[in-house]
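Beneath this line is the structure, given in structure tokens, with notes to follow.
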Amino acid sequence: MIGHRSYFAIIPADVRYDKKLTANAKLLYGEITALANEKGYCWAGDRYFAELYGVSKTTIQSWLKALTDNGYITKELIYREGTKEILNRYIRIVVYPTQENLGTPTQENLRDNNTSFNNTFNKTYKEEVDTSSRKYSDEHFRLASKLQNNLSNDFPKEMKKVDLNKWADVIRLMEDKDHHTVEQIDYVLSWLPSNSFWFGNIRSAKKLRDKFETLKFEIKTEKLKKQEKKKFAREEKLPDRFVNPEPEPTLDPVRQAELEAKLKAYQEQKKGAAT
């Protein structure tokens, strides 16, 4: 699961009454405004939204496309230098959508409805977007959220105070500076709940980074123990007489003929006695 953000979502009238948008696309728009209200842009990736709403990434992409095509959001992609790998994606709210998207309510009502919304985002853009120093990617934030959610049931008060942005940046350093891959970090986070000792001791991204090599060694040792246990497991063997049974003995042809003649004479004698 993904942690729920505490910011308010805003769905202005022009979005609510746009018949070209599905209800879920409008709901996604509200989620984007909540995230954008924090930084002035929405940093979340398709996987984040897919896990949040329990749908596929393809479904999320179709909702985003509808919002983009109808002029409600813009998307900016940041690529890793010299590659086609997407490092970050920034989704921004278009605070003055085209008039052709406006639906049933009167234009005056729509203007009134959007006033506070526009003011909120204009202020956010001026104060936060230009000065933002965010370096972590959506994957780093997803991993930070995963660590938080792993611990939420056992340490709820502590996890409510977590700054996921700081955790995501620590995880970025784990990849950029410590050269751990996202896949390795993800694997360790999935393993942690299965180990009662380390699960309770890794309660921050900093602790995860400090102990990551130890955790990798612990996982390796655990795997080796399982392999050794399987290797030396006692196997029940069948007795040799069942595996390699002795062939049945064969009679000499002459002896076989004698036995058959005696059997035939016995049968005829028994038949005559009966009559």
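The values are calculated or read from the model by the stated rules, or taken from the named source; none is laboratory data. Only a predicted model underlies this, so the values are computations on that prediction, with no experimental measurement involved. Reconstructed Cβ throughout: ideal geometry from the backbone, glycine too, with neighbour counts over all protein chains shown.
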TODO: Please work out which one of (1) within 22 Å of Leu164 (Cβ to Cβ); (2) of a type in the set (Ser, Thr, Tyr); (3) surrounded by fewer than 19 Cβ atoms within 10 Å (Cβ to Cβ) is the condition Thr33 fails and give its number.
DONE: (3)
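Condition check ((1) out of contact with any helix residue (DSSP H, G or I) (no Cβ under 7 Å at 6 or more places or on another chain); (2) at pLDDT 80 or above; (3) among the hydroxyl-bearing types (Ser, Thr, Tyr); (4) surrounded by 10 or more Cβ atoms within 10 Å (Cβ to Cβ)) across all residues:
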| position | (1), (2), (3), (4) |
| --- | --- |
| Gly200 | yes, yes, no, yes |
| Leu208 | no, yes, no, yes |
| Arg234 | yes, no, no, no |
| Lys237 | yes, no, no, no |
| Glu248 | yes, no, no, no |
| Lys262 | yes, yes, no, yes |
| Lys271 | yes, no, no, no |
Open item on the list: Quick check on the range 51-73: of everything there that is assigned to a helix (DSSP H, G or I) and farther than 18 Å from Ala9 by Cβ, which residue is farthest from the chain's Cα centre (by Cα)?
Closed with: Asp69
- [ ] Go through (1) within 18 Å of Tyr90 (Cα to Cα); (2) modelled with pLDDT under 90 and name the single condition Phe8 misses.
- [x] (1)
Task: Among (1) under 23 Å from Ala144 (Cα atoms); (2) part of a strand (DSSP E or B); (3) over 24 Å from the mean Cα position of the chain (by Cα) - the single one Leu77 does not satisfy - done: (3)
TODO: Please verify whether the range 219-232 includes one or more residues that are touching a Phe, Trp or Tyr at 6+ places or on another chain (Cβ under 8 Å) and modelled with pLDDT of 85 or more.
DONE: yes
